[in-house]
Structures are given as C-alpha cells and as structure tokens.
Amino acid sequence: MPYQNSPITATMPCRSCDTEISAIARECPYCGAEQFDTRSSALAMRDMPSERRGLTAGLLCLLVGVFGAHRFYVGKHATGFLMLVTLGGVGIWWLADLIMLITGQFRDKDGRRVTEWI
Ligand SMILES: [Zn+2]
C-alpha cells in the first residue's frame, strides 16, 4: 500500500471541477472533462485577466456569496457547491473570498485573476 501512493505522483486540479487528479490524466475521472493541452495553455494564460467581471462577481459575493454564487459565476462549481452546503464556511470562507475579490486576487476556474471590473 505505501508504494501505491508514491510521493512523486503529481496532481493538478481538474480544469472543470477543481478536483485534484493526476497531472498526466487525459480525462477527469470525476467529471469526464478532457485535460490535455488546455491545461498547459491555461497555465500560460494565468497572467491574463479573467473574462469574468469583478463587479458581477463582487455583487454576487456580497449579496449571495454564502451560497457560493460568485464561485459558480467564475466556473468553480465544485467549490461553489462546497460553499453552498457549508454556508460560506460559516462566513469565514465567504469573507476571505470577498477580500480576495476586492483586492483583485480572486481567480476563475482557469486560474486567471478577476481584475476587470466592468
Ligand atoms: Zn473534473
């Protein structure tokens, strides 16, 4: 058993559902999303701002953020759902996300910062 969980097995978050899967997986075993190519280009695009609007994400977070609405908006459905069932991590996670959004550190599902407000 210790040899099956080798520490050199790298994982990366699925580009669709954010679940940690093998970095060499072609397809996410959880949601079935294809992973190849898009992930290396997604890494290259990390420095570009997100296409999602900060104003929309910010308002969603402020008004219905405890239900994970802003995470659903940026495509982070898995963590959005987790936020929904924990009511924003009893407010703490929600507050952290709100601060991240306001300071332009919040990232969408492709890892791009939500910095464009309008
Ligand atoms: Zn997935």
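Among the helices (runs of 4 or more DSSP H) lying completely within region 63-118, list those that include at least 3 residues that are farther than 22 Å from Pro13 by Cα.
92-102
Would you tally the residues in region 19-39 being under 16 Å from the mean Cα position of the chain (by Cα) and either modelled with pLDDT of 85 or more or exposed (fewer than 14 other Cβ atoms within 10 Å of the Cβ) (or both)?
Residues in region 19-39 being under 16 Å from the mean Cα position of the chain (by Cα) and either modelled with pLDDT of 85 or more or exposed (fewer than 14 other Cβ atoms within 10 Å of the Cβ) (or both): 7 in total.
The values are calculated or read from the model by the stated rules, or taken from the named source; none is laboratory data. As the structure is a prediction and not an experimental result, all values here were calculated from the model. Cβ: placed from backbone, ideal geometry, glycine included. Neighbour counts: every protein chain shown.
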